[in-house]
Amino acid sequence: MALPPILVLGIFIGLPIGLAFFLSIGYTGGLNEVISIIGQDVRGRDGKLFTLQAYKDVIADPRFAGDLKTTLIVSFVATILVLIFSIGVGLLQRLRGGKLSSILTGLSLTPLFIPVVISSWALYTFYGSAGLYRTIFNSFGLDIPQITSTMLAVIIGSIWTSLPFAILMVTSGFQSVPNALIEAAQDAGASLITIIRTVMLPLALIPIIIVATFTSIGVLGSFTIPYFLGPNQPTMFGVEITNFFTAYNRPQQSVVMAFIVFAAASGIAISYIWANFRSAKESGRV
Amino acid sequence: MANQNGQGLELVGLRKILGGRVIIDDLNLVVNKGEMVSLLGPSGCGKTTTLRMIAGFLIPESGKVFLAGKDVTEIGPEKRPSAMVFQNYALWPHMTVFKNVAYPLKVRKMSKSEIEKRVHDVLELVNLMHHKDSRPAQISGGEQQRVALARALVQEPDILLLDEPLSNLDAKLRVKVREDIRELQRRLGITTVIVTHDQDEALSISDRIAVMNDGRIEQFSTPQELYDAPQTEYVANFIGSLNRVTGSYENGAISAGSDVIGIRPEDVFFSKNQVPGSVAATVTLVVPRGHFYEVYLKRNDAELRAFVSSEVPKAGDAGFANITKALIYRDGKLVRTA
């Protein structure tokens, strides 16, 4: 029963990952032979068990430090802002309800129905050098710096694409906190801030962690948004990996970068597993 | 009537509208200090709404709530000198038993040593010290109930509010926990209001019971008074078992009439021999009810049920049935007992 999906996963995901990994440590023969012949600066293992020369190349390249910094800053800031917005809307919806929170939730779901490439263009034309945003300020005689081709534009775009899922998750997390648990805290003498800090946030922590992991991994590996809106150099890894693979014809180095990003994402994934473990512990399953 | 100077609870002319419907209308109640009072009634009669107004979760449209002599009508639950035990206990699943109980003291910014001491004392009181590091999901329903009680008691409130605290426990445990609650309440002398729809529970642990119907208090008396002299037909029906017959009652016999005659089954006696006031009767059905039998009797003037615990007759037996006490109601109000 489970064999067909395992085979599909093995052939289409497992095998390419394996090949890429072996290419990154210098295995240039076999199925990696063609790419090794076409690509530039491919480092072979020269009879040794493996070589980390390609990793050394990438790390020594000054572009790498810049890209890493850009990617981490954008991912971190976008994740924090997405968390702040989604927790804010979720709390408003749970504690106050009413029209404002419904409108905010509805609005925040809009990006779900707009393809990323279209929204990227929309943001580009809005925040670009001759975009609506600058035009409006210009008509009042104010020369506002353009936002596109900066990290800020990538952050704005990342928030735009990540917010709908985040709001859905966090809102449902807060909604599932029973009224009685909030009222019990109120009855015990807790102020609203204390209730949020000691009861609501801990009880919605698992959806919040899921949002944090998915958002940060999503932004970390994003391509379309930084490609349209981001700076040329340094840029995000999603764009840089593509540049290395196509424009610079350095497939081995692009694979190495992909593995470095993968390692970073794995670290985030561990927090996700921990969150699941914690939830199991709380409900007495572990 | 005012006990604004006293230390208990007083509700004056409470009115509450929810979803366009009047839930509570002109409700008045005085609970003395140290007294345990039940709000008893069927689902939807407004008892929980009343309790929530006492706790501060609902603000009444009109009327006043006095707790320990202070007007608290407009004060939120976090500032009221009351503590509530919720129906599903409402324990925070991410905190241990100790942290759940310590929470009210922590938000009051008490010192660590003081918190430790008071939580230990109250956990000893409810016999849960061995579970102080457990999470709510790891202990039984009865233990969770005691944690909820400990969390309320640790606040040393002027008034303890219990919202159907036993409804999630099985029958045996319910009896044990209600006795524990009563014992604790007596020992601490804490004013307590308990909401329940279980008359057994109310009758066995309350000093006084307020029977509620449709947002009003039908009768507020001691359990004995409530059982012996229910002031309205509704209360008579709600508390205990009742034979309800329409007619006119005179000297143990029922004739045509428009009064409602309420007769407790334990006030109906069947015997083979005729006694003054008894009427010829046949046994139609005998139902065992554990420690007693419910005997269905057909008299010439009415069909009645009797509770019998010894010399149980059989279906088809002929004899005589007499009534030793009857409650006579006109327009739903008690007019006399005979």
Starting from residues that are part of a strand (DSSP E or B) and open to solvent by 20 Å² or more (accessible area, probe 1.4 Å), keep the ones in the range B:209-244 and report whichever is farthest from B:G46 (Cα to Cα). B:R244
Of all residues making up the range A:132-174, the number that are of a type in the set (F, W, Y), surrounded by 15 or more Cβ atoms within 10 Å (Cβ to Cβ) and either farther than 21 Å from A:L107 by Cβ or in contact with an Asp or Glu (Cβ under 8 Å, 6 or more places away or on another chain) (or both): 0
Looking only at the range A:262-280, decide whether some residue is within 14 Å of chain B (Cβ to nearest Cβ), aliphatic (A, V, I, L, M), in contact with a His (Cβ under 9 Å, 6 or more places away or on another chain) and closer than 20 Å to A:V82 by Cβ. no
Name the residue that is farthest from the chain's Cα centre (by Cα), counting only residues in the range A:171-190 that are part of a loop (DSSP other than H, G, I, E, B) and farther than 20 Å from B:K79 by Cα. A:P178
Of the residues in the range B:137-150, those that are at the interface with another protein chain (Cβ under 9 Å from one of its Cβ atoms) and open to solvent by 10 Å² or more (accessible area, probe 1.4 Å) come to B:A137, B:Q138
Can you say whether B:L297 is assigned to a strand (DSSP E or B) and either in contact (Cβ under 8 Å) with a residue 60 or more places away in the chain or open to solvent by 80 Å² or more (accessible area, probe 1.4 Å) (or both), as far as the supplied structure shows? no
Residues in the range B:165-189 that are open to solvent by 20 Å² or more (accessible area, probe 1.4 Å) and not in a helix (DSSP H, G or I): how many? 4
Positions within the range B:48-83 being open to solvent by less than 10 Å² (accessible area, probe 1.4 Å) and either in contact (Cβ under 8 Å) with a residue 60 or more places away in the chain or under 25 Å from B:N237 (Cα atoms) (or both), in sequence order: B:T50, B:L51, B:I54, B:A55, B:L67, B:S82, B:A83
Of these, A:I241, A:I193, A:I217, which one is within 11 Å of chain B (Cβ to nearest Cβ), open to solvent by 30 Å² or more (accessible area, probe 1.4 Å) and part of a helix (DSSP H, G or I)? A:I193
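Results for (1) more than 26 Å from the chain's Cα centre (by Cα); (2) within 13 Å of chain A (Cβ to nearest Cβ); (3) of a type in the set (G, A, S), shown as yes or no for each residue.
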{"site": "B:A68", "(1), (2), (3)": "no, no, yes"}
{"site": "B:T73", "(1), (2), (3)": "no, no, no"}
{"site": "B:M84", "(1), (2), (3)": "no, yes, no"}
{"site": "B:R108", "(1), (2), (3)": "yes, yes, no"}
{"site": "B:K112", "(1), (2), (3)": "yes, no, no"}
Taking the stated definitions as given, is B:L160 more than 12 Å from chain A (Cβ to nearest Cβ), at pLDDT 90 or above and under 22 Å from B:L9 (Cα atoms)? no
Of (1) of a type outside the set (D, E, K, R); (2) within 14 Å of chain B (Cβ to nearest Cβ); (3) open to solvent by less than 40 Å² (accessible area, probe 1.4 Å); (4) under 30 Å from B:V154 (Cβ atoms), A:I209 satisfies all except one. Which? (4)
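The values are calculated or read from the model by the stated rules, or taken from the named source; none is laboratory data. Bear in mind the structure is a predicted one, so any value in this text is a computation, not a measurement. We place every Cβ from the backbone using ideal geometry, glycine too, and count neighbours over all the protein chains shown. Surface accessibility is based on the protein's heavy atoms, side chains included, excluding ligands, DNA and RNA. Shrake-Rupley method; radii C 1.70, N 1.55, O 1.52, S 1.80 Å.
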